[in-house]
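FYI, it's all coordinate maths here, none of it is from the lab. This structure is a prediction, so every number in the text was calculated from the model and none was measured. Ideal geometry is used to build each Cβ from the backbone, glycine not excepted, and the neighbour counts take in all protein chains shown.
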């Protein structure tokens, strides 16, 4: 398998975690997003959106991190990232989608560039934007994780799930932008638990071959 990504991309980070948890070996093909390598014609031929990650697997080209992880879940079902019970599965997907669908899209690189370059906002304003949307999403996640009995060592039970795969990269992003994490003790506890596992630690941006 060939994973096209960027060390700082949280969507690529998710897929790295999933591959590591599944024990699947893969080759990394880095594309420096800040140097617009994802706009090169050869990459756009793989993914016309120009987004990472892209996974080349089984003779196919897969895009969108959640779709890629669902493919990995079906292709390599052990260990599972989704529970067997339909209601529990829905809970895990909902937790994951708060991050992947509601928090992250407002804060990815193209949005931050638009705020700076097209709208003329300074770095302080951009950081305020960034942290506002993470904090709003984390407030909901913290309330759910702290109050619901399905929460265990991780977001759902005592083994990592799709929810943790999405949450941990978002916490790393929050730390990079100095978001005050004190109001989110359950998220902080799960983050610490996850980074004790090699699959999560190896996927950290700082541990990637293209890290700067």
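Connecting C-alpha atoms closer than 10 Å in a GNM of the chain, tell me which of 87, 115, 106 has the biggest fluctuation.
In the Gaussian network model the winner is 87.
Rounded, prolate or oblate for region 140-212? Axes are the square roots of the Cα gyration tensor eigenvalues, ordered a ≥ b ≥ c, and the cut-off for rounded is a/c under 1.5.
The shape class here is oblate.
How large is the convex hull of the C-alpha atoms of the chain per residue, in Å³?
About 119 Å³ per residue, rounded to a whole number.
Principal axis lengths of region 86-200 from Cα atoms, whole Å, largest first?
Answer, in whole Å and largest first: 45, 27, 26 Å.
With a/c under 1.5 counting as rounded, go ahead and sort region 2-79 into rounded, prolate or oblate using the C-alpha gyration tensor (a ≥ b ≥ c being the square roots of the eigenvalues; past the cut-off, prolate if a/b is larger than b/c, else oblate). Working shown, then result.
Numbers: a/c = 2.23, a/b = 1.68, b/c = 1.33.
It is prolate, given that a/c is not under 1.5 and a/b is the larger ratio.
How much length, in nm to one decimal, is gained on full extension between residue 76 and residue 159, taken as 0.36 nm per residue of separation minus their Cα-Cα distance?
Details: separation 83, 0.36 × 83 = 29.88 nm, distance 1.63 nm.
Computed gain between residue 76 and residue 159 is 28.2 nm.
At a Förster radius of 35 Å, what calculated FRET efficiency corresponds to the Cβ-Cβ distance of residue 117 and residue 146, to the nearest 0.05? Intermediate results must be reported in sequence, preceding the final value.
On the way: r = 39 Å, r/R0 = 1.11.
Approximately 0.35, to the nearest 0.05.
Run the paramagnetic zone check for residue 89: 7 angstrom along Cα to Cβ, then residues of region 149-180 with backbone nitrogen under 14 Å.
Counting backbone N atoms under 14 Å from the label point, the list is 162.
Give me the number: length gained by fully extending residue 57 to residue 34, i.e. 0.36 nm times residue separation minus the C-alpha to C-alpha distance, one decimal in nm. Mind dumping the intermediate values first?
Working: separation 23, 0.36 × 23 = 8.28 nm, distance 2.60 nm.
Full extension from residue 57 to residue 34 adds 5.7 nm.
Please arrange 144, 1 by counting, for each residue, the other beta carbons lying within 10 Å of its beta carbon, fewest first.
Result, fewest neighbours first: 1, 144.
Could you please tell me the mean projected area of the C-alpha convex hull for region 14-132, averaged over all directions and given in square nanometres to one decimal? Can you show the working numbers first?
Working: hull surface 36.2 nm².
Quarter of the Cα hull surface area: 9.0 nm².
Of the candidates 54, 172, 24, which one comes out as most mobile in a Gaussian network treatment of the chain with C-alpha springs shorter than 10 Å?
In the Gaussian network model the winner is 24.
Highest first, please rank the peptides 37-47, 93-103, 199-209 by the mean number of other Cβ atoms sitting within 10 Å of their residues.
93-103, 199-209, 37-47
Along the Cα-to-C-beta direction of residue 206, a point sits 7 Å from the Cα; which residues of region 139-183 have their amide N less than 12 Å from that point?
Under cut-off, by backbone N: 176.
What does DSSP give for region 2-79 in terms of the percent of beta bridges that are antiparallel, rounded to the nearest 5? Intermediate results must be reported in sequence, preceding the final value.
Details: 7 of 11 bridges.
Bridges in region 2-79 are about 65 percent antiparallel.
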